[in-house]
Amino acid sequence: MADATLGAAIESELQHRYHQPKGVEQFGIEAIPESRKTVKWYDLFAIILNFLISPSTILRGGLGVAAGLSFQASVAAECSGIVVAAIFYVIMATVGVDYGIPGQVATRAVYGLRGSKLIPSFLRSIASCYWFAFQTVIGATAICAVLKQLTGTQYSLIWVSVIFGVIQAFVAIVGYESLKQLSRVALPVKLAMFVYLFVLLANQADPNFAPAAVLSYPGKSGWDWVIFVAWFNAAAAGWLTMITDSADFCRYSRSRADMWIGTVSASAVGTMISGSLGAYAAAATLGKTANPFVLIAGLSTSWITLFLILVFIALDNWTINVLNLYTGGLSISNMFERLGRFWTTLIASVFGIALSAVPDVLNSYLSYATLLGNFFSPIAGVLVFDYLILKRTRLDVPALFTLNGRYRYWAGFNLIAVAWTVLGFLFYMFCVPATWIPTVCTILFSGIGYTITAMIVSARSAPMAVGSAPAELMPAAAD
């Protein structure tokens, strides 16, 4: 009872400090009290599964086939890419479970209190707005196709994207509890719709849509390694842009076991389901159509089917884009500490909606996904290796909010982390061959290089020795 009272008191204080409305999540960069850590594995499973049963994951499976892969190769590329990225994702998610802090605040322990704002948080804010816009435009494209079939009228993609984006932003602005409730309601509906869509595609009169034909479709290039790696890399890079925010969804979790079970199982199941639907549609059309919603809207004249597609798209985009805006808002909160989570999520929503009015967001997916991977792969390497090897998963939470504390490094910047992030970016861009899986190679290159350098510098530099040591093992040089 005392813990619950304390939690309520903290929320009230935060509401007044940031002038936030009642009824929304008040916690932003602040640590979650133990009394609020009640989320079990199945809620995390629903949140992450909803995130992966998404337009981008579906479309990526179709685009892999359109690029030349067979059905099996496209699904394998996507699933393996997500699973590999999920290993690093789960490591950083433990920060949220153990300390109740969002991932962006945890990056202060590695990049410094100022460095985390200018590198991981700034880049994640951009990524959040991009992914929000990308998902919105995919959904809006399908909505336009369905509405045309229902009404016979061609609707503006830009206006549909903007209106759709505004509707999606509401839940993210309210906060985590609304996100959890939406995920619980949406998941069974989305799974039922997936079954319906698979059955609908498999029962088309065209023999190419039969399951046997889809499974035997060789693709233009089959299992070509270069194309396979490109889509493996795209899947991994897209998931890694979330690594600095993995703690955000888990900081209300009651235990590490709940987080591990919910996150890992959802990653595997969600990617398999979504990638298979996109790849199925593309293989059935011999690589000509990658978006199954557009395909089904063109095939079906039943208003019931078209209406169900609209419901599915609305729920699909809503559940995924809520997470994009939610994490984007926390990233901006880490950059501008005087703004509460409600206001920073509102800011992220405005930028995301504005970007969704740019059609090129959809047309250049592979380029954008690769570019984001260029940045977040070295960030992932530095964060994971620092957290596991140097800090041994032990952080000094109060010091994360004190500029002159142990994570000050040099004027608020860990120059070693910054340097290896830049080196990792250059390595990704110019050194590692495309056939070597650049995302994974860059994580290892940046992480190992940073760890060795940090150990060498720590022997000669008190700021680095203090900042990189586990919390309970702070060296005497701290003074």
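The values are calculated or read from the model by the stated rules, or taken from the named source; none is laboratory data. All of these numbers come straight from a predicted model, not from anything done at the bench. Glycine also receives a Cβ, built like all others from the backbone with ideal geometry; neighbour counts cover every protein chain displayed. Surface accessibility is based on the protein's heavy atoms, side chains included, excluding ligands, DNA and RNA. Shrake-Rupley method; radii C 1.70, N 1.55, O 1.52, S 1.80 Å.
Spin-label model, residue 212 to residue 392: label points 7 Å out along the Cα-to-beta-carbon direction sit 6.1 nm apart.
Select one label from (1) 23.7, 72; (2) 22.5, 77; (3) 22.0, 70: the one whose number is Rg and Dmax of the Cα atoms in Å as derived from the coordinates shown. So the structure-derived entry is (2). Here the label points at residue 34 and residue 471, each 7 Å from Cα along the C-beta direction, are separated by 1.3 nm in the simple model. For segment 1-96, a crude dipole built from +1 on the beta carbon of Lys and Arg and -1 on the beta carbon of Asp and Glu, taken about the Cα centre, is about 200 debye to the nearest 20.
For the residue pairs 37/117; 180/288; 22/190; 148/220; 40/117; 37/391, alpha carbon separations beyond 28 Å are given by 180/288; 22/190; 148/220; 40/117. Would you mind checking the tilt of helix 71-99 against the longest principal axis of the Cα atoms of the chain, expressed as 0 to 90 degrees and rounded to 10? Value to nearest ten degrees: 30. Amide H to amide H, with H built 1.01 Å from N, residue 222 comes under 5 Å of 70, counting only residues 5 or more places away or on other chains.
Rolled with a 1.4 Å probe across the full set of protein chains, the surface gives residue 80 an accessible area near 40 Å². Other residues lying with their Cβ under 14 Å from the Cβ of residue 187 contribute a combined charge of +1, Lys and Arg counting +1, Asp and Glu -1. Length gained on full extension, residue 286 to residue 419: 43.3 nm, using 0.36 nm per residue less the C-alpha separation. Computed about the Cα centre, the dipole magnitude for the chain is approximately 280 debye when only Lys and Arg (+1) and Asp and Glu (-1) carry charge, each at its Cβ.
Ranked by the mean number of other Cβ atoms within 10 Å of their residues, highest first, the peptides 97-106, 318-327, 436-445 come out as 318-327, 97-106, 436-445.
Highest mean packing comes first when the peptides 346-358, 43-55 are listed by Cβ atoms within 10 Å, giving 43-55, 346-358. Relative to the longest principal axis of the Cα atoms of the chain, helix 256-284 runs at roughly 30 degrees. May I ask for the net charge around residue 62, where only other residues with Cβ less than 12 Å from the Cβ of residue 62 are counted and Lys, Arg are +1 while Asp, Glu are -1? Taking every Cβ under 12 Å from that of residue 62, the sum is +1. Annotation: amide H of residue 410 within the under-5 Å range of 415, sequence separation 5 or more or interchain, hydrogens built in the peptide plane. Stretching the chain fully between residue 426 and residue 170 yields a gain of 88.3 nm (0.36 nm per residue, less the alpha carbon separation).
When the square roots of the Cα gyration tensor eigenvalues are ordered a ≥ b ≥ c, the ratio a/c for segment 261-317 is 1.5 or more and a/b does not exceed b/c, which makes its shape oblate. To the nearest 10 degrees, how steeply does helix 122-151 sit against the main Cα axis of the chain, on a 0 to 90 scale? Approximately 20 degrees, to the nearest 10.
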